[in-house]
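The values are calculated or read from the model by the stated rules, or taken from the named source; none is laboratory data. In this text, all values refer to a predicted model and were calculated from it rather than measured experimentally. Here the Cβ positions follow ideal geometry from the backbone for every residue, glycine too, while neighbour counts run over all protein chains shown.
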Amino acid sequence: MSSIIGKYVKEALFTKQVEGAKIVLILDPRSTLEQTHVTVRVTYNRKSFYYRTGLQCDLEMWDKLHVAKGTSKANIIRKSQEDIFDKVVSKVTELFSLEQFSFDRLKQVLKERNQGTFSSLWESIIDSLRKEGRAGTADSYQNAYNSFSKNIGTNIPYTKIGVETIEKWTERMIDAGRSQTTIGIYHRGIRVAINKAIAEGHIKPSQYPFGKATNKISIRKGRSKTEAYLPVSDILKLKGYDTPEKREKYQTKWICEAVNMFLFSYLANGMNLMDICLLTYNDHYFNSEGKELMFVRKKTEATSESEIQIIIPIIPELEEILNHYASAPSKDSYVFPDLLKGETNPTNIKAIVKDLNADFGFRLKKAAKEVGISKPISMTYARHSFATNLTHVGVSERYISQAMGHSNKNVTGGYIAPFSPQKRVLFNSMLLTV
């Protein structure tokens, strides 16, 4: 190693003093290889214990880790190494507090930490998501985990993770008739667990199975969103299904409800079903004298740097749906209270919306078949149709982006001057123009 010069070669990335022990994260000084193991060295009473983090890097990368910032790949690696370093510090601190510190005991407790399996790590990710209230993501990862366990097995060790195992799983999913979209979703689910396993030093980066190289697995893409839309002519066909007679008949009134929720979503800037369920008559509705609705998109409220308020002009066709299905306007009350039936628990609400999405999709397909639409439509089609159809009639991307609650990175500070109420009505009225 002495023949290769790195600016930070002899400097620790992290340092901590616990009682009489000095803990540092360094390149293993015992190595003479160009690719050197990163280790946590614990020194106590002039003796040292080295604990490998699972990362190997050259001096160029070591220099990058010292100055890494922001969202760079080097800083992601740096943070993963810091996590491992902090865990060693925590174990050393714990042993000293129990007056049990020795290198043999430290080695034992660190070994116990590594005795888990890849399967248990994946399960822990799912559990954490549920505790955070992210039920939708947890369900998606759970479905992927269930498929993996069914086809590969349970209690899978870290050593078994690699291209061969993922290929075997993929082949069995194809044989079982899984769609390309589903396989892609499942691959993305396991990728999260694999990335965490690499970050924690359980598996080597060389085991990572995905990528564009010929010896790696390419994550499958689902159907293009541009395909999942209805042209205005089909929207009008679907709208034509809804008649006063069908709204009154028990057999068809439930289909009419799904059709109208789809049309509401389409005409309300592609609002998703979760936001429809949570939509309220807030101050904006009353300040606009009942001419506009306003909401913050649920999917982005926790991740956006600033709150993105979405304004919906109540054009006549939207007002017709409100008149039949909505509750009477009352300050901060739900617009469609019957959808959630009084439920307030966030986890239960997500479960209700998930079921409603599936149920509405089933009903929409019945209506589509009757009016001659061959596409397997669902509520998702409404959002994609809003964007696509306004684009086709020449409405500016700037309006469409703002109307759907997308951030605009090309605008300084993320601020977009609002369009006038008249412009909003004009643009959204084009949604039903052939």
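Things worth noting here:
- All of LYS249, LYS239, LYS253 fail the test of being farther than 21 Å from GLN142 by Cα, at pLDDT 90 or above and either surrounded by 16 or more Cβ atoms within 10 Å (Cβ to Cβ) or of a type in the set (A, V, I, L, M, F, W, C) (or both), apart from LYS239.
- Being touching a strand residue (DSSP E or B) at 6+ places or on another chain (Cβ under 9 Å) and modelled with pLDDT under 85 holds for only one residue in LEU129, LEU110, LEU106, LEU98, and it is LEU110.
- Only a single criterion out of (1) of a type in the set (Gly, Ala, Ser); (2) in a helix (DSSP H, G or I); (3) free of Cβ contacts under 8 Å to residues at least 40 places away in the same chain is not satisfied by SER80, namely (3).
- Selection within segment 13-63 - at positive phi, surrounded by fewer than 17 Cβ atoms within 10 Å (Cβ to Cβ) and in a strand (DSSP E or B): none
- The criterion of being modelled with pLDDT of 90 or more, over 19 Å from the mean Cα position of the chain (by Cα) and either among the hydroxyl-bearing types (Ser, Thr, Tyr) or outside the structural domain of PRO205 (by TED's automatic domain parsing) (or both) holds for THR165.
- Selection of segment 64-84 for residues being surrounded by 13 or more Cβ atoms within 10 Å (Cβ to Cβ) and more than 28 Å from the chain's Cα centre (by Cα) yields LYS64, HIS66.
- Counted residues, segment 42-63 - those being touching a helix residue (DSSP H, G or I) at 6+ places or on another chain (Cβ under 8 Å) and closer than 19 Å to THR15 by Cβ: 8
- Some residue of segment 378-395 being exposed (fewer than 13 other Cβ atoms within 10 Å of the Cβ) and in contact with a Ser or Thr (Cβ under 8 Å, 6 or more places away or on another chain): yes
- Residue match in segment 149-170 (condition: touching a residue at least 60 places away in the same chain (Cβ under 8 Å) and either buried (at least 19 other Cβ atoms within 10 Å of the Cβ) or under 17 Å from SER119 (Cβ atoms) (or both)): no
- Any pair with Cβ under 6 angstrom, 6 or more apart, that starts in segment 226-253 at a residue that is without any contact (Cβ under 8 Å) to a residue 40 or more places away in the chain and on the phi < 0 side of the Ramachandran plot and ends at one that is surrounded by fewer than 18 Cβ atoms within 10 Å (Cβ to Cβ) and part of a helix (DSSP H, G or I): THR252/LYS246; LYS253/ARG247
- Contact map, segment 341-354: residues that are without any contact (Cβ under 8 Å) to a residue 40 or more places away in the chain paired with residues that are assigned to a helix (DSSP H, G or I) and surrounded by 11 or more Cβ atoms within 10 Å (Cβ to Cβ), Cβ distance under 8 Å, separation 6+ or inter-chain. Pairs shown: LYS341/ILE352; GLU343/ILE349; GLU343/ILE352.
- Among residues of segment 286-299 that are within 11 Å of GLY405 (Cα to Cα) and outside the structural domain of LEU426 (by TED's automatic domain parsing), none has a beta-carbon under 7 Å from a residue that is modelled with pLDDT under 95 and crowded, with 16+ Cβ neighbours inside 10 Å at least six positions away or on a different chain.
- The sole residue among ARG105, ARG130, ARG78 that is over 21 Å from HIS202 (Cβ atoms) and in contact with a Leu (Cβ under 8 Å, 6 or more places away or on another chain) is ARG105.
- Any chance ALA197 is buried (at least 17 other Cβ atoms within 10 Å of the Cβ), in a helix (DSSP H, G or I) and modelled with pLDDT under 90: yes
- Residue count, segment 87-102 (criterion: part of a helix (DSSP H, G or I) and either surrounded by 15 or more Cβ atoms within 10 Å (Cβ to Cβ) or in contact with a helix residue (DSSP H, G or I) (Cβ under 6 Å, 6 or more places away or on another chain) (or both)): 8
- Test for LYS131: is it surrounded by 12 or more Cβ atoms within 10 Å (Cβ to Cβ) and either in contact with a helix residue (DSSP H, G or I) (Cβ under 7 Å, 6 or more places away or on another chain) or in the same structural domain as PRO209 (by TED's automatic domain parsing) (or both): no
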